[in-house]
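Structure record follows, encoded as structure tokens.
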Amino acid sequence: MTTNVLLIGSGGREHALAWKLAQSPALGRLYAAPGNPGIAAHADLAALDIDDHAAVVAFAKANAIGLVVVGPEAPLVAGITDGLRQAGILVFGPSRLAAQLEGSKGFTKDLCMRKAIPTGRYRRFTEPEAAKDYVRAEGAPIVVKADGLAAGKGVTVAESVENALAAIDDCFDGGGEVVVEEFLEGEEASLFCLADGMNAVFFGTAQDHKRAFDGDKGPNTGGMGAYSPAPAMTPDLIERAMTEIIRPTLEGMREVGAPFAGVLYAGLMLTEKGPQLIEYNARFGDPETQVLMLRLKSDLLPILLDAARGDLSACRPEWYEDPALCVVMATSGYPGAYHKGSVIRALPETDEQAIVFHAGTRRDGDRLLAEGGRVLGVTASGTTVGEAAVKAYAAIAEIDWPEGFVRTDIGHRAIAREES
Ligand code: AMP
Ligand code: GLY
């Protein structure tokens, strides 16, 4: 028996998921909404408004969909999975309530407090003056975070009290809530788990590159590149993170009546005291998924089906030994304003050296156009991160897209370790 799958989303993460799902002998038909030109190589693009949850349920029923896989956070926080579950359709992704782990920083911090999960000290504020008094009392460096989804742009790591006060004004521009948090020092790493409400299955580590430019300079972005595994995450640190952070989180979510099923993506700071939680995402990372999918040896489809059915107890994902690395090609100007519609030429024709995952692309006749900020994710594996980087950058050198830019130092931390 094969399973028809509907994949929700249109980014590089979803192209990587589609690429991997398409290799499954258990896959029937793959549909994607809205999808992108890269995904179209593996899936039928469905003309479906993903904000119209009733329409998504109707589409799933009409096309005998056996599993819906939700990529991005926005539909999860909007509750796309709730209607599907009510209609008896298997869906991979947390409920609206459980997606608060990503959707509300205050909710997550309160859960950490209740379950004694290691994380920075914090306070929540609904009044700017009270937040400012707290910042003046605590001093800098200090971190100011807007509550709610902000596409990676709602966080200010303030070096001075003045910067923190300005960030508080920015956050309250238009109301809302802020979390003011202790500054944590260390190396950052991401840990991925699949959860079925009860069990958590370790699903790899990665390191992202959040800043726009080389040397970790410039504004924060959605992520300019990633590699997996994260060498800083030793087996001992992984075990500690699972025991001290992930499992208590799942327990805490059950206690508040919002069991978490889906991807639990923990942004960790590896401090002197051990791993501390910076934030949760309730979905796969982008571009971390591009590297995880290259490394995953097991068939993805049965794993996602087991998670959606609520039984990951027998799930033991297998991985290739080789690390993988992804370099994001973005449109000049990103993450600020940028032009749409520049032409991309000379994409590599085979996947031999590197796989080019599409993110913000659009097909216009036989031309491929850049439509978004992050446009392509050039992904390769190698016996070392350094070798994977050489392959990815060699593939990038072939791509003819003058309006695009890349960071030239993706993987620098891991490569420095390899060379030392
Ligand atoms: P977030 O959107 O919560 O991932 O925050 C974006 C980035 O801000 C993180 O990747 C960290 O680099 C930084 N950050 C967030 N919280 C803290 C913290 N408490 N201490 C130090 N850096 C932080
Ligand atoms: N690359 C960071 C994220 O997916 O949130």
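The values are calculated or read from the model by the stated rules, or taken from the named source; none is laboratory data. Just so it is clear, the model here is predicted, and its values are computed rather than measured. Note that each Cβ is placed from the backbone with ideal geometry, even for glycine, and that neighbours are counted across all protein chains shown. Please note that ligands, DNA and RNA were not included when accessible areas were found on the heavy atoms of the full protein model with its side chains. Shrake-Rupley method; radii C 1.70, N 1.55, O 1.52, S 1.80 Å.
Of all the Cα-Cα pairs you can form in the chain, what percent are over 26 Å apart? Walk me through the intermediate numbers first.
Values: 47595 of 87990 pairs.
The proportion of pairs with Cα distances above 26 Å equals 54 percent.
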**OP:** Measure off, as a whole percent, the carbon and sulfur share of the 1.4 Å-probe accessible area of the range 261-321, all protein chains present.
**Re:** 43 percent
Subject >> Cα centroid separation, the range 71-104 to the range 356-412 (Å) >> reply: 31 Å
Subject >> Kirkwood-type radius of the range 1-70, with distances r between different C-alpha atoms, in Å >> reply: 11.8 Å
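From the P(r) of the range 292-420, can you give the percent of Cα pairs sitting at distances over 25 Å? Don't skip to the end; give the middle numbers.
Details: 3204 of 8256 pairs.
Across the range 292-420, Cα pairs with separations above 25 Å total 39 percent.
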Original post:
Tell me, Kirkwood radius of the range 325-369 from alpha-carbon pair distances, in Å?
Top reply: 12.2 Å
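Go through the range 317-396 and name the GluC sites (Glu not before Pro) that are in a DSSP coil and have 16 or fewer other Cβ atoms within 10 Å of their Cβ. Working shown, then result.
Details: sites: GLU318, GLU321, GLU349, GLU352, GLU371, GLU387; in loops: GLU318, GLU321, GLU349, GLU352, GLU371.
When the GluC sites (Glu not before Pro) of the range 317-396 are filtered for loop state and at most 16 Cβ neighbours within 10 Å, GLU318, GLU321, GLU349, GLU352 remain.
With every protein chain present, what is the per residue accessible area of the range 94-239 (1.4 Å probe, Å²)? Walk me through the intermediate numbers first.
Numbers: 6250 Å² over 146 residues.
In whole numbers, the range 94-239 has 43 Å² accessible per residue.
Could you do me a favour and compute the accessible area per residue for the range 274-359, 1.4 Å probe, result in Å²? Let's see the in-between values first.
Working: 3440 Å² over 86 residues.
With the other protein chains kept in place, the range 274-359 gives 40 Å² per residue.
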Original post:
Can you list the GluC sites (Glu not before Pro) in the range 151-209 that are in a DSSP coil and have 14 or fewer other beta carbons within 10 angstrom?
Top reply: GLU159, GLU185
Original post:
Tell me, what ³J(HN,Hα) does each residue in the range 64-80 have, in order and in whole Hz, if you take phi through Karplus 6.51 cos²θ - 1.76 cosθ + 1.60 with θ = phi - 60° and put x for Gly and Pro?
Top reply: 6, 6, x, 7, 9, 10, 9, x, x, 6, 4, x, 5, 5, 7, x, 4
Original post:
At each listed q (0.20, 0.23 Å⁻¹), what is the log10 of I(q)/I(0) that the Debye formula gives for the range 82-192 modelled as equal alpha-carbon point scatterers?
Top reply: -1.08, -1.32
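Convex hull over the Cα atoms of the range 240-365, averaged projected area in nm²? Write out the running numbers ahead of the final one.
Numbers: hull surface 49.2 nm².
In nm², the orientation-averaged hull projection of the range 240-365 is 12.3.
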Original post:
Using every alpha carbon pair in the range 36-107, what percent of pairs falls into each 10 Å bin from 0 up to the bin containing the largest distance?
Top reply: 19, 49, 26, 6, 0
Subject >> DSSP loop trypsin sites (Lys or Arg not before Pro) with at most 14 other Cβ within 10 Å: longest gap in the chain >> reply: 1-120
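First check a/c for the range 12-158, with a ≥ b ≥ c the square roots of the eigenvalues of its C-alpha gyration tensor; if it is under 1.5, answer rounded, and if not, answer prolate when a/b is larger than b/c or oblate otherwise. Could you put the intermediate results ahead of the total?
Working: a/c = 2.81, a/b = 2.36, b/c = 1.19.
Judged from the Cα gyration tensor, the range 12-158 comes out prolate (a/c at least 1.5, a/b above b/c).
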**OP:** Using a 1.4 angstrom probe on heavy atoms only, work out the carbon and sulfur share of the accessible area of the range 117-237 in %.
**Re:** 50 percent
Subject >> Test item: Cα-centred dipole of the chain, Lys/Arg +1 and Asp/Glu -1 on Cβ, debye >> reply: 740 debye
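Which percent of the accessible heavy-atom area of the range 8-85 goes to carbon and sulfur, probe 1.4 angstrom?
Details: 1480 of 2700 Å².
Carbon and sulfur together cover 55 percent of it.
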**OP:** Express the C-alpha Rg of the range 181-298 as a ratio against the empirical globular expectation 2.2 N^0.38 Å, rounded to two decimals.
**Re:** 1.06
